[in-house]
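J.: Please read through the structure below; I'll follow up with questions.
Throughout, read-outs are computed from the coordinates displayed, never taken from laboratory work. No experiment lies behind these values; they were computed from the predicted model shown. In this analysis, Cβ positions are derived from the backbone assuming ideal geometry, glycine residues included, and neighbour counts consider all displayed protein chains.
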Amino acid sequence: MPTKLPPWVNYGLLPLMNLGMAFLVAGLIVVILGESPKAAVDLLVYGAFGYGEAVGYTLFYTTNFIFTGLAVALAFQCGLFNIGGEGQAYIGGLGVGLVGIYLGHWPPPIGIMIGIMAAALFGGIWGFIPGWLQARRGSHTVITTIMLNFIAASIMTYLLVNPLRRAGQQIPESVTFDQRMWLPQLHELFGGLGLVIGRSPLNASLLIALVCCLLYWLFVWKTRAGYAMRVVGKSEPAAVYGGISPAKQIMIAMTLSGALAGMMSLNEVLGAQHRLTLGFTGGYGFVGIAVALMGRGHPVGIILAALLFGALYQGGSELAFDMPRINRDMVVVIQGLVILFAGALEHMFRPWLEARFARPAVPAVA
Amino acid sequence: MSVSVTAGALPPAVALEGIDKSFGPVHANKHIDLAVQPGTIHGIIGENGAGKSTLMNILYGFYQADSGRILVDGRERVIQSPEDAIAAGIGMVHQHFMLVEPFTVLENILLGAEGGWTLQAGAAKAREALLRLERDYSLEVDIDARIADLPVGIQQRVEILKALFRGAHVLILDEPTGVLTPQEADHLFRILESLKEQGRTVIVITHKLREIMAVTDNVSVMRGGEMVAHRPTAETTTEELAELMVGRKVLLRVEKAPARPQAPVLEVEHLEVVDEVGVRRVKDVSFEVRAGEIVGIAGVAGNGQSELLEALSGIRKATSGRVLLHGQPILDAADARAKKLGHVPEDRLRMGLVRGFQAYENAILGYHLLPAYTEHGFLKKRGIIGHCLDWMKNYDVRPVAPLLQGTSFSGGNQQKLVLAREMEHDPDLLLVGQPTRGVDIGAIEFIHKRLIAMRDAGKAILLVSVELDEILSLADRIIVMFDGTITGELSGAEADARRIGMLMAGIREEAAA
């Protein structure tokens, strides 16, 4: 008999229980390593939120996760698993980089605007390719997006080692962009308003990410186009019956998904590094899958999940720095546990909760 | 165990005492008592959701009752799994067969009863036992045939054989005739009779009153999770049973005036449909549907009706031939709707409704591009909910809750919602597939009245149904399909179940005569 959990359990209690479970197991590992779990938690929380600079870094990472989380969630609305956020972000970075290298001297708002569009466009193209392959050739997006990640990485390595490398140096990275291309830092922006936050790479990309959350919400649930996309995601036969072309929707969804992933590069390339570097995507594309799952595909959930992973990234590196027995890899293990419990084992507690909180799916009908 | 046919003094073959079962706040079985006499055929009827299946699943060990006792031959048994049920001599034939299609009959029956790690010895023993069973119960089956090559009627016999082979003395059949032609159903009833004569006990779950009257000795009626009546079949009538099931008087016959057909709305010419795997599903089919008439397509499920319906509605590309609506070809599903074609699909859960969508979102599926529902690309949520509310009231969809998930409504109410959507957009031609499948009697009555009213308003209706009674009571003209071809056409007045049954089995009238 189908049952449905009340929203506060589905969206609140269940993710919290999964998270609690992840921390419990992580705590056990900390104990085995001979450190105090309480001290570790204190350090982690302090490292993530304890002082202005830490908050800035946490939010900086959060921005990456919002973009990639939204990307995965949007594809998921159309029933697609986009594992290629990493490659799409990388290629999006190529778009930004080309604008930065060649149009960097353009007046500020115009150059940056073109950069933003280039990130979305390049990422979108990298998403459209697997979308087209799925829609027209039946090649599964899970396979093709993974493969395109490798292709993206190879292309970028080639470009950064050869044509785009700054003349006269061995490091595979581009020239630093003209200052006019840099996205405003938030600590400067807020400083102008009289708010003092610590110095960090946190930049205007966070605001762009939040605008994307709003647009995502409007598009998916309020527009005709989003409706058509969701019908395909929920039931392809129903879409065909309703005169909606699944092939078209799949291509649109993958393109928009790729564009969102591509915009992650704004944060890293235009916001922080101000040049194109090797591997700046750093696995954020993959973590986006966990963010989207944990956030239940809803923008508020995605923001919260992104914040959690941002805190884990930032607090985790403090932890590795201060606790000798816990190294960088240990922090990755903790993040992995969160992904495991929140993503892969997402439904572990569901039957148990359903036995307690389930409402009947079929209301009594007289 | 041997049970003599002179029942009465013997304990019941199966007795359920005070069975109670809840799923969360849904009380599916309320203190059910049931006694099935050995060597009889016992019918259990009730509307969808009355709790029949839950009760039988408790007896077969799929669910455990919250309270109550199960007695088999007078002894209490604890049945916690189908294995326990089989050990207690209870077998079940499900509505959807549990057979491995690429395996042979013998391999399917051996499954789970292999009798050793090499198959040979067990297979030889099974072969002997099966041949004996086939002889005893006139269950003719070629035990070396592949399941995939057998018609559904024979597959069902395999399921019965499987249960008997495992030693079932009590056989439960869940909606056994849903997929059978009338002739196959008659054969099934003869098999059940011979099982009874040999002292076995049969429990039949169905919602078809005619079958209950034809084949059972006793009948129990369930309604709303309760057992409302037990009757010897000889002492009751279909009218009484229908009233007990629904809880009020039901009109079993549809009242309708003669049709007044006008100009053709739909013209189908030499239509051919070849499916994805290259099988010809629809073969050179031509017919027309006129305004103001209901044309019924009868046939056993899987004889090309589904593909025909999909081709007509633009969902599936026809391989050749023409489909004309008001003289214009239909390009695709969106084009069909633009040309005023409504379509109530056969499988409402897969096509007609979107799982996980709220009722109001489902209410515009296929019509989401109409300006009535959108403005500058945005959905007019409030307006859509308003329309949905009106339709729910007019079509008696309960509960009247546009924000409730579409699939949370009962089958009948889901169907009324789909019907409302397709009818309220005022189509000139309505394609209706299995309008009352999984729908309870009260809603069937309502849906039939609506279809007649639409016909009387001068609309053309094409009705595809595997329920012969439905075709007979609604259609003004009846087309019978077998193996993708039209085997005959009868007017509603001259049609009867026997003639249609012959055509459904592929025996054309001139050949039979």
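J.: Consider all pairwise Cα distances in chain B and report the whole-number % of them above 36 Å.
T.: Working: 50327 of 131328 pairs.
Taking all Cα-Cα pairs of chain B, the fraction more than 36 Å apart is 38 percent.
J.: Could you work out the local net charge near residue B:55, counting Lys and Arg as +1, Asp and Glu as -1, over the other residues with Cβ closer than 15 Å to its Cβ?
T.: Working: positive: B:21, B:30, B:52, B:69, B:223; negative: B:17, B:20, B:33, B:47, B:66, B:174, B:175, B:226.
That sum, taken over residues with Cβ under 15 Å, equals -3.
J.: Is the C-alpha gyration tensor of the range B:174-276 telling us rounded, prolate or oblate? Criteria: a/c under 1.5 is rounded; beyond that, a/b larger than b/c is prolate, otherwise oblate. Don't skip to the end; give the middle numbers.
T.: On the way: a/c = 2.67, a/b = 1.49, b/c = 1.79.
It comes out oblate by the Cα gyration axes.
J.: Tabulate in residue order the Karplus-calculated ³J(HN,Hα) for the range B:291-298, using 6.51 cos²θ - 1.76 cosθ + 1.60 with θ = phi - 60°, rounded to whole Hz; enter x for Gly and Pro.
T.: Ordered by residue, 3J(HN,Hα) equals 4, x, 9, 10, 9, x, 10, 9 Hz.
J.: Determine one quarter of the surface area of the Cα convex hull of the range B:49-103, which equals its mean projected area, and express it in nm² to one decimal. Walk me through the numbers before you get to the answer.
T.: On the way: hull surface 19.6 nm².
Seen from a random direction, the Cα hull of the range B:49-103 projects 4.9 nm² on average.
J.: Further question: Does anything in the range A:7-44 have its amide N under 15 Å from the 7 Å Cα→Cβ label point of residue A:327, and if so which residues?
T.: A:33
J.: Taking H placed 1.01 Å from N in the peptide plane, check which residues at least 5 places from residue B:433 or on another chain put their amide H under 5 Å from its amide H.
T.: So residue B:433 has HN proximity to B:344, B:346, B:464.
J.: Which loop-located GluC sites (Glu not before Pro) does the range B:42-151 contain, where loop means any DSSP state but H, G, I, E or B and the Cβ has at most 14 other Cβ atoms within 10 Å?
T.: Details: sites: B:47, B:76, B:83, B:107, B:114, B:128, B:134, B:140; in loops: B:47, B:114, B:140.
Hits after loop and neighbour filter: B:114, B:140.
J.: Work out the charge dipole of the protein assembly as shown with +1 on the Cβ of Lys and Arg and -1 on the Cβ of Asp and Glu about the Cα centre, then indicate which of A:129, B:103, B:121 is farthest towards its positive end.
T.: Projecting each Cα onto the dipole axis, the largest value belongs to A:129.
J.: Let me check against my output: what whole-number percent is the relative contact order of the range A:80-176, with C-alpha pairs under 8 Å and at least 6 apart? Write down the numbers at each step before the final one.
T.: Details: 109 pairs, mean separation 32.8, N = 97.
Relative contact order, the range A:80-176: 34 percent.
J.: Let me ask you something else. Can you work out the Karplus-derived ³J(HN,Hα) for every residue in the range A:126-141? Use 6.51 cos²θ - 1.76 cosθ + 1.60 with θ = phi - 60°, whole Hz, and x for glycine or proline.
T.: 5, x, 5, 4, x, x, 5, 4, 5, 5, 9, 10, x, 7, 5, 4
J.: In debye to the nearest 20, how big a dipole does the protein assembly as shown give about its Cα centre with +1 on each Lys and Arg Cβ and -1 on each Asp and Glu Cβ? Walk me through the numbers on the way to the answer.
T.: On the way: 75 positive and 83 negative charges, 451 e Å.
Dipole magnitude for the protein assembly as shown comes out near 2160 debye.
J.: Ok, one more. Can you list the HN-Hα couplings for the range B:78-86, worked out from phi with the Karplus curve (6.51, -1.76, 1.60; θ = phi - 60°), rounded to whole Hz and with x for Gly and Pro?
T.: 9, 10, 10, 7, x, 4, 4, 5, 4
J.: Turning to a different aspect of this structure: Would you pull out the residues with amide H under 5 Å of residue B:43's amide H, same chain only if 5 or more places away, H placed 1.01 Å from N?
T.: B:204, B:217, B:218, B:219, B:220
J.: Also, quick follow-up: Using Cα pairs under 8 angstrom and six or more residues apart, how large is the relative contact order of the range A:69-281, in percent?
T.: Working: 388 pairs, mean separation 85.4, N = 213.
Relative contact order, the range A:69-281: 40 percent.
J.: While we're looking at this one, here's another question. For chain A, modelled as a GNM with alpha-carbon contacts under 10 angstrom, which of A:244, A:116, A:208 fluctuates the most?
T.: In this elastic network of chain A, the residue with the biggest mean-square fluctuation among A:244, A:116, A:208 is A:244.
J.: Dividing the alpha-carbon radius of gyration of the range A:69-281 by 2.2 N^0.38 Å (N being the number of residues), what value is obtained?
T.: On the way: Rg = 18.4 Å, N = 213, 2.2 N^0.38 = 16.9 Å.
Output field value: 1.09.
J.: Please report, in debye to the nearest 20, how large the charge dipole of chain A is about its Cα centre when each Lys and Arg carries +1 at its beta carbon and each Asp and Glu carries -1 there.
T.: Details: 20 positive and 14 negative charges, 211 e Å.
With Lys and Arg at +1 and Asp and Glu at -1, about 1020 debye.
J.: Of A:20, A:30, A:213, which is farthest towards the positive pole of chain A's charge dipole, taken about the Cα centre with +1 and -1 on the beta-carbons of Lys, Arg and Asp, Glu respectively?
T.: A:213
J.: Amide H to amide H, which residues 5 or more places from residue A:204 or on other chains are under 5 Å from it, using H placed in the peptide plane?
T.: A:186
J.: Taking the Cβ of residue A:156 as the center, what net charge do the other residues with Cβ under 14 Å away carry, scoring Lys and Arg +1 and Asp and Glu -1?
T.: Values: positive: A:165, A:275; negative: A:86, A:173, A:268.
Here the count lands on -1.
J.: Same structure again: Taking neighbour Cβ counts within 10 Å as the exposure measure, how do B:387, B:376 sort from fewest upward?
T.: Details: B:387 20, B:376 6.
Least crowded to most crowded, the residues run B:376, B:387.
J.: Give the order of A:274, A:347, B:169 when sorted by the count of other beta carbons within 10 angstrom, beginning with the fewest.
T.: Ranking A:274, A:347, B:169 by Cβ neighbours within 10 Å, fewest first, gives A:347, A:274, B:169.
J.: Does anyone have the angle between helix B:381-394 and the longest principal axis of chain B? Alpha-carbon axes, 0 to 90°, nearest 10?
T.: 60 degrees
J.: Okay, next question. Sequence gap at least 6, Cα distance under 8 Å: using those rules, report the relative contact order of chain B to the nearest whole percent. Numbers along the way, then the final one.
T.: Details: 1021 pairs, mean separation 73.9, N = 513.
Once divided by the residue count of chain B, the mean separation gives 14 percent.
J.: Any chance you could tell me what percent of the C-alpha pair distances in the range B:1-126 go past 20 Å?
T.: So the pairs more than 20 Å apart make up 55 percent of the total in the range B:1-126.
J.: OK, next. Give me the one-decimal nm value for the distance between modelled label points at residue A:10 and residue B:267, 7 Å along each residue's Cα-to-Cβ direction.
T.: If labels sit at residue A:10 and residue B:267, their model points lie 5.0 nm apart.
J.: Helix-derived [θ] at 222 nm for the protein assembly as shown: sum -39500 (n - 2.57) over DSSP H runs of at least 4, divide by residue count, nearest 500? Before the final figure, lay out the partial values.
T.: Details: 32 runs with 408 residues, N = 879.
Here the helix-only value at 222 nm equals -14500 deg cm²/dmol.
J.: Just tell me how shielded A:239-250 is by partners: mean number of partner chain Cβ atoms within 10 Å of each residue's Cβ, no decimals.
T.: Partner Cβ neighbours, averaged per residue: 6.
J.: Might you report the magnitude of the Cβ-based charge dipole of the range B:33-93 about its Cα centre, with Lys and Arg at +1 and Asp and Glu at -1, to the nearest 20 debye?
T.: On the way: 4 positive and 7 negative charges, 15 e Å.
About 80 debye.
J.: With a cut-off of at most 11 other beta carbons within 10 Å, and DSSP calling the residue loop, which GluC sites (Glu not before Pro) in the range B:464-513 qualify? Please list them. All intermediate terms of the calculation are to be shown ahead of the outcome.
T.: On the way: sites: B:467, B:470, B:489, B:494, B:509, B:510; in loops: B:467, B:494.
The qualifying sites are B:494.
J.: At 0.36 nm per residue, and after removing the present C-alpha to C-alpha distance, how many nm does the segment from residue A:162 to residue A:45 gain when stretched out fully? Could you put the intermediate results ahead of the total?
T.: Details: separation 117, 0.36 × 117 = 42.12 nm, distance 4.24 nm.
Taking 0.36 nm per residue and subtracting the Cα distance, the gain is 37.9 nm.
J.: Would you list B:200, A:180, B:477, B:260 from fewest to most Cβ contacts within 10 Å? Show your work: numbers first, answer last.
T.: Details: B:200 24, A:180 16, B:477 21, B:260 13.
Final ranking by Cβ density, sparse to dense: B:260, A:180, B:477, B:200.
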